[in-house]
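A.B. asks: Take a look at this one; I'll ask things after.
Bear in mind that the values in this text are calculations on the coordinates, not laboratory data. Keep in mind that what you see is a predicted model, and the values were worked out from it rather than measured. All Cβ positions, even for glycine, are placed from backbone atoms using ideal geometry, and neighbour counts span all protein chains on display.
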Amino acid sequence: MTVRPTMTGEEIVALARKHTLFEWSAQSKVDPIPIARAKGIYFWTPEGRRFIDFNSQLMCVNIGHGDERVVRAIQDQAAVLSYASPFMATQPRARLGQKLAEICPGDIDVFFFTNGGSEANENAVKLARWVTGRQKILARYRSYHGATAASITLTGDPRRWAAEPGIPGVVHVLDPYHGIERGWDSADQSLAMLEEVIQLEGPGTIAAFILETVTGTNGVLVPPDGYLEGVRELCTRYGILMICDEVMSGFGRTGEWFAVDHWSVVPDLLTMAKGLTSAYVQLGAVGMRRGIADQFKDRVFYGGLTYNSHPLACAAALATIQVYEDDRLIENARTMGVVMAQLLADLQRRHPSVGAVRSIGLFGIVELVRDRLTREPLAPFNGFSAEMAALGAFFRQEGLYTVVRWNSFYTNPPLCINEAELREGFGIIDRALEITDRGVG
Ligand SMILES: Cc1ncc(COP(=O)(O)O)c(C=O)c1O
């Protein structure tokens, strides 16, 4: 049975705008695409207009849309047991914990399940504070960690500003990357700055340092080699827990199960969501090393959620992980990632408005500039420009969906994409960049 909307796209948009709030937006400015169905790397409007999904929706539908194996697993679980109190134990919960222990790095063996990434980070902060007896949390400016109280305070980007002052005890540090004009610090410079902040704040007051292993919405920032290993070393030296937020970078996006695997670093806590179920059902988790979990053998774990370990979500996650394995999607992300890196480099070579491209696996970004010498971004930090708006409008008109933010846009397709589909998307991007090239002085 197919469930198709009975309303037109226009009716859906008008009614949704009338009675529902769209996130991070002034409501008069939102212009959503009405979406009715999706399959593989494509989705369709109710009228049948097709879009190539070059952002996996919100960097989350990693396995691709409409995978019947996952749909069936959700249906089967719903038919048998749709919900159980988190004080009970279910088979999908048990099996998912075991499976995650298998694929997570090192001795990250124990998991607390949440409804998404923000709650995973909330619980990571609680755990770090309880375990260390310290209060402060270090986080980076170019980061997004979620929208709930602690996670929006951890967030370094301008989405935090409206929620300030937020929770006490969060200290932000600079990243190795300083924007397209100033570029990158070396790993050594960045680590020296981090250690200086640790000294100035008082090492004995800091419970944890949270960082996106590969930063997502703030620029697909791949850390310089040696940086993550250095962070691990500093955290160990000062008794600070290392929390890696892999909500966006996890589950194959970078060509490994988790981005930390590229550098063989094992954090103390690892948060995940999005690709865990490929967003078929909402689920997040905080994974912890065995030594941290052991601390709650005789102490109470003061955390809970009605939908913790939700059976539908756990069943969806198990089926999703099976798809990654059966279809070798992590390997495909790696192989297609090489092709995508070439396509990105080609754009940079041919288009004067392309100031920088970065990618790892199928996690990619293009940063646009007004001037290749001064590297002035084509839109200011936290701002818009007519050229970026025109670029977004062209993508939409040509049926390519991706996120356009400030002076950048993303190339984050589902991991099931093949080379022809990748080239189809880049063909549209290639034509679109003629618009931004005209803005280059
Ligand atoms: C790195 C990172 N952490 C946390 C979150 C928050 O996750 P959620 O929106 O599922 O609460 C996001 C969401 O985009 C994210 O990208």
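A.B. asks: First measure r as the distance between the Cβ atoms of Glu47 and Arg372, then evaluate 1/(1 + (r/R0)^6) with R0 = 35 Å and state the FRET efficiency to the nearest 0.05. Could the numbers behind the result be given before it?
C.D. replies: Details: r = 41 Å, r/R0 = 1.17.
It comes out at approximately 0.30.
A.B. asks: Further, regarding this structure: Among 377-383, 251-257, 146-152, 159-165, how do they line up by average Cβ neighbours within 10 Å per residue, starting with the highest?
C.D. replies: Numbers: 377-383: 16.1, 251-257: 25.4, 146-152: 21.0, 159-165: 12.6.
Top to bottom by mean Cβ count within 10 Å: 251-257, 146-152, 377-383, 159-165.
A.B. asks: Report D for the range 259-406 in µm² per second (integer): Stokes-Einstein, Kirkwood Rh on Cα pairs, 37 °C, 0.692 mPa s. Numbers along the way, then the final one.
C.D. replies: Numbers: Rh = 19.3 Å.
Rounded, D is 170 µm²/s.
A.B. asks: Multiply the residue gap between Ala163 and Asp298 by 0.36 nm, knock off their C-alpha separation, and tell me the result in nm, one decimal place.
C.D. replies: Taking 0.36 nm per residue and subtracting the Cα distance, the gain is 45.0 nm.
A.B. asks: Roughly how big is the range 74-232's charge dipole about its Cα centre, with Cβ charges of +1 (Lys, Arg) and -1 (Asp, Glu), in debye to the nearest 20?
C.D. replies: 560
A.B. asks: Next up: Points 7 angstrom from Cα along the Cβ direction at Leu58 and Ser264: gap in nanometres?
C.D. replies: Taking the simple label geometry, Leu58 and Ser264 are separated by 3.6 nm.
A.B. asks: Going by average Cβ density within 10 Å per residue, which order do the peptides 12-18, 59-65 take, highest to lowest? The partial results should precede the final answer.
C.D. replies: Working: 12-18: 13.9, 59-65: 24.7.
Descending packing order for the listed peptides: 59-65, 12-18.
A.B. asks: Same structure, new question: What is the range 136-287 by shape, rounded, prolate or oblate, if you read a ≥ b ≥ c off the alpha carbon gyration tensor as root eigenvalues and call it rounded for a/c under 1.5, prolate for a/b larger than b/c, and oblate otherwise?
C.D. replies: Details: a/c = 1.37, a/b = 1.18, b/c = 1.16.
The shape class here is rounded.
A.B. asks: Can you list residues whose amide H is under 5 Å from Thr213's amide H, if they're 5+ apart or on another chain and H is modeled 1.01 Å from N?
C.D. replies: Distant-sequence amide H within range of Thr213: Asp245.
A.B. asks: Would you calculate the separation in nanometres between label points at Ser28 and Glu195, each defined as 7 Å from the Cα along the Cα-to-beta-carbon direction?
C.D. replies: 5.4
A.B. asks: Calculate, in nm to one decimal, what Met88 and Leu174 gain on full extension: separation in residues at 0.36 nm each, minus their alpha carbon distance. The partial results should precede the final answer.
C.D. replies: Details: separation 86, 0.36 × 86 = 30.96 nm, distance 4.34 nm.
Gain on stretching Met88 to Leu174: 26.6 nm.
A.B. asks: Could you run the Karplus curve 6.51 cos²θ - 1.76 cosθ + 1.60 with θ = phi - 60° over the range 254-267 and give me ³J(HN,Hα) per residue in whole Hz, x for Gly and Pro?
C.D. replies: Per residue, the Karplus-derived 3J(HN,Hα) values read 9, x, 9, 3, 10, 4, 4, 5, 4, 10, 6, 9, 10, x Hz.
A.B. asks: Still on this structure, I have one more. What relative contact order, as a whole-number percentage, does the range 286-441 give when Cα pairs under 8 Å and 6 or more residues apart are counted?
C.D. replies: Working: 177 pairs, mean separation 33.8, N = 156.
With pairs under 8 Å counted, the relative contact order is 22 percent.
A.B. asks: Further question on the same structure: Specify the inter-centroid distance of the range 195-250 and the range 382-441, based on alpha-carbon positions, in whole Å.
C.D. replies: Between the Cα centres of the range 195-250 and the range 382-441 lies a distance of 31 Å.
A.B. asks: Sort the range 9-126 into rounded, prolate or oblate with this rule: let a ≥ b ≥ c be the square roots of the eigenvalues of the Cα gyration tensor; rounded if a/c is under 1.5, and if a/c is not under 1.5, prolate when a/b is larger than b/c, oblate otherwise. Mind showing how you got there, number by number?
C.D. replies: On the way: a/c = 2.01, a/b = 1.68, b/c = 1.20.
Judged from the Cα gyration tensor, the range 9-126 comes out prolate (a/c at least 1.5, a/b above b/c).
A.B. asks: Would you please give the FRET efficiency between Ala389 and Asn418, computed as 1/(1 + (r/R0)^6) with r the Cβ-Cβ distance and R0 = 25 Å, to the nearest 0.05? Don't jump to the answer; show the numbers that get you there.
C.D. replies: Numbers: r = 31 Å, r/R0 = 1.26.
According to the calculation, E is roughly 0.20.
A.B. asks: Report for the chain the percent antiparallel among DSSP-assigned beta bridges with both residues inside it, nearest 5.
C.D. replies: Numbers: 32 of 50 bridges.
In the chain, approximately 65 percent of DSSP beta bridges are antiparallel ones.
A.B. asks: Taking 0.36 nm per intervening residue step and subtracting the Cα-Cα distance, what contour gain separates Glu325 from Ala149 on full extension? Present the calculation step by step, with values, prior to reporting the outcome.
C.D. replies: Details: separation 176, 0.36 × 176 = 63.36 nm, distance 3.55 nm.
Working it through step by step, the gained length comes to 59.8 nm.
A.B. asks: Determine the distance separating the Cα centre of the range 57-103 from the Cα centre of the range 135-154; give it in Å without decimals.
C.D. replies: So the two Cα centres are separated by 28 Å.
A.B. asks: Estimate the FRET efficiency between Ala78 and Glu102 by the formula 1/(1 + (r/R0)^6), using the beta-carbon distance for r and 30 Å for R0, to the nearest 0.05. Intermediate results must be reported in sequence, preceding the final value.
C.D. replies: On the way: r = 26 Å, r/R0 = 0.86.
That pair, Ala78 with Glu102, gives E of 0.70.
A.B. asks: Treating only the Cβ of Lys, Arg, Asp and Glu as charged (+1, +1, -1, -1), what charge dipole size does the chain show about its Cα centre? Round to the nearest 20 debye.
C.D. replies: Numbers: 43 positive and 50 negative charges, 167 e Å.
I would put it at about 800 debye.
A.B. asks: Is the chain best put as rounded, prolate or oblate by its Cα gyration tensor, with a ≥ b ≥ c the root eigenvalues, rounded for a/c under 1.5, and otherwise prolate when a/b is larger than b/c, oblate when not?
C.D. replies: Values: a/c = 1.63, a/b = 1.13, b/c = 1.45.
In terms of gyration-tensor shape, oblate.
A.B. asks: Please check which bits of the range 165-187 a label hung off Phe381 would reach, taking the label as a point 7 Å along Cα-to-C-beta and the cut-off as backbone N under 15 Å.
C.D. replies: It comes to 172-185, nothing else.
A.B. asks: Placing +1 on the Cβ of each Lys and Arg and -1 on the Cβ of each Asp and Glu in the range 43-190, which of Gln98, Gly48, Phe113 has its Cα farthest towards the positive end of the resulting dipole?
C.D. replies: Checked the options; the winner is Phe113.
A.B. asks: Give a residue-ordered list of calculated ³J(HN,Hα) values for the range 233-250 (Karplus: 6.51 cos²θ - 1.76 cosθ + 1.60, θ = phi - 60°; whole Hz; x for Gly, Pro).
C.D. replies: Here the 3J(HN,Hα) series is 5, 5, 4, 4, 4, 9, x, 9, 7, 9, 10, 9, 8, 10, 4, 9, 7, x Hz.
A.B. asks: Okay, moving on. Of the peptides 222-228, 200-206, 282-288, 102-108, how do they stack up when ordered by the mean number of other Cβ atoms within 10 Å, highest first? All intermediate terms of the calculation are to be shown ahead of the outcome.
C.D. replies: Numbers: 222-228: 19.7, 200-206: 14.3, 282-288: 27.3, 102-108: 18.0.
Those peptides, ordered most packed to least, come out 282-288, 222-228, 102-108, 200-206.
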